[in-house]
Amino acid sequence: MVRKMKIELFYNPTCHVCPVAKKLVKKVLKKYPQVEYVELNAFEHQDRVLSLGFQRVPAIVIDGKLWHAGMPDKKALKKEIKRILG
């Protein structure tokens, strides 16, 4: 059975590093087609932002839990995906 997971990337349209983070996550996820990926405008989803408790973007949420806020590290993201997927 293939383990599934969901990654949400919260961004701000005026954020200068958010496009770089989006490209990084998309590149990493090419090897993991079973991962659902969604990009969410933090302004349009303020209720989720508040419930997750982050104040910086980009922010990455994995399976409903805040994993990282700020520019993600490619190696750390790969390691976390592998850990979860097994």
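Taking Ala59, Ala42, Ala76 in turn, the Gaussian network model of the chain (Cα-Cα springs below 10 Å) assigns the largest fluctuation to Ala76.
Only the Cβ atoms of Lys and Arg (+1) and of Asp and Glu (-1) were treated as charged; on that basis the dipole of the chain about its Cα centre amounts to roughly 640 debye. For the chain, the spread of Cα positions along the three principal axes, ordered from largest to smallest, is 37, 24, 17 Å. Residues of the chain were split at every exposed loop site, defined as trypsin sites (Lys or Arg not before Pro) in a DSSP loop with at most 12 other C-beta atoms within 10 angstrom, and the longest piece left, sites excluded, is 32-86.
Distance between the pseudo-spin-label points of Glu39 and Ser51 (7 Å out from Cα toward the beta carbon): 2.3 nm.
Every number in this text was worked out from the coordinates using simple rules, so none of it is lab data. Fair warning: this is a prediction, and the values are worked out from it, not measured in the lab. When we count neighbours, we look across all protein chains shown, and the Cβ atoms used for this are built from the backbone with ideal geometry, even at glycine.
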